[in-house]
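A.B. asks: Pasting a structure below so you can have a look.
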Amino acid sequence: GHAPKVALLGSIEAQLLEADLVSIAGASDEWWRKSSEKNNFWMTKSMLEHFGIPSTNEKNKFLGDIFKRLLHKRNVLVTLSTLAGGMRRQRYEYLNEVSENLQSATWLRSLIANLRKSYKSEAIKFDPPNPELHLRPLRFWASDLDLLNRNPYAFYAHKILKLTEINYLNKIKNVRGNYMHQVLEQFVKNAKDKRSVDELRFWAKKVLQNSWLTASDLGIWFFQLDEVFSFIVRHMEKKSCYAEVCGECSIKISDDCEATICSRADRIDVGENISIIDYKTGGLPTKNEVESGEKMQLPIEAIIAAQDGFGLKKTEVESLCFWKLGASKDENKISYGGEIKKVFSGKDEVCQLSEKILEFLKNLIYRYNVMGEAYDINVHSKYDEPYAHLARVKEWIK
């Protein structure tokens, strides 16, 4: 149900039905076109007439007429292998005979197309959805703001129409990420010894059982878990650790508008200052993507933490880190446990980033919740992204 509709039809059905594209694949007259009756040594001409079997010439004419009709379809692709069984094929002889028909068909198509252009009214332009301001949400999760920035139409479908995404392939793809988040949440919250690999293995096994997963669901990545666990406990610092912490804060957009931004931090380590960690089992965002506002989760969490939105009684953020869990390659060396990437380090650097992203967020929310900008579609977004199929991208392109 998700593949393009391709129908394999016989020559008669292909004449009767319309299609966006007719493909005559591997066209060859060697199997049907005969030069004379002499090639048929099974029955004489009189025998064929007696039993009512069409002669070779009649077959040739019949099949040739079919071929001509197919060539006059709206969009036709004719293919012919240049080699067959290692032998070079001769040019498709029948095309020579119908070349005039092909030329006339091409000329006729171009004439009709020009006539349509001259009489065609202006193409319909689809206006992007533009709901009233009171219908637009003022409470945003970090993922919502990423979506609003990346593809406003998808934000509209998700947050305003409240459509549920149906994408089972996407859920399967995120199995290992969801699994590791659950394991580390239970481990950080409940482990007595956070430097013990055995205790981490215990919680990993428990989560695996409770979530009805099996080793096969995690694929070959399952065999990297020992390396991943060793990497995690090796980098557990003697600080207060908090897992899956929810926080929020308010930001003033204009005199009459105030918005709430929320996030759920994978992990926050608290010592003299705050370190915010985001776990990744796939590719890591680049520093430019974070700084430009394309990947805003860590900066948003820094903004919330600076206003004590996580309730940690500390407000100075010292570092923003990605933890890549699984195989990674650095300077031609492969590590199967993981790597730590500090995208921003130092209180001053994190503070500058937070101020920049906060200004970016205010402008973004102002456009949609104060100025009333329509939720346009990003025509460059991938078709398999959430809600993209609803946007009818081809119709939106001007």
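The values are calculated or read from the model by the stated rules, or taken from the named source; none is laboratory data. In this text, all values refer to a predicted model and were calculated from it rather than measured experimentally. Counting neighbours? That spans all protein chains shown, and the Cβs are built from the backbone with ideal geometry, glycine included. Accessible surface areas use protein heavy atoms only, side chains included; no ligands, DNA or RNA. Shrake-Rupley method; radii C 1.70, N 1.55, O 1.52, S 1.80 Å.
A.B. asks: Looking at Arg33, is it over 37 Å from the mean Cα position of the chain (by Cα), modelled with pLDDT under 70 and open to solvent by 90 Å² or more (accessible area, probe 1.4 Å)?
C.D. replies: Criteria not met by Arg33.
A.B. asks: A further question follows. If I ask for residues that are under 12 Å from Ser319 (Cβ atoms) and part of a loop (DSSP other than H, G, I, E, B), which ones from region 273-295 would you list?
C.D. replies: Asn273
A.B. asks: Restricting region 142-164 to residues that are open to solvent by 70 Å² or more (accessible area, probe 1.4 Å), at negative phi and in a loop (DSSP other than H, G, I, E, B), which is modelled with the highest pLDDT?
C.D. replies: Among those residues, the one meeting the criterion is Leu161.
A.B. asks: Related question: Under the condition of being farther than 16 Å from Cys262 by Cβ and under 29 Å from the mean Cα position of the chain (by Cα), which residue from region 301-326 is surrounded by the fewest Cβ atoms within 10 Å (Cβ to Cβ)?
C.D. replies: Cys321
A.B. asks: Looking at this structure, is Asp330 more than 19 Å from Thr286 (Cα to Cα) and either modelled with pLDDT under 70 or open to solvent by 50 Å² or more (accessible area, probe 1.4 Å) (or both)?
C.D. replies: no
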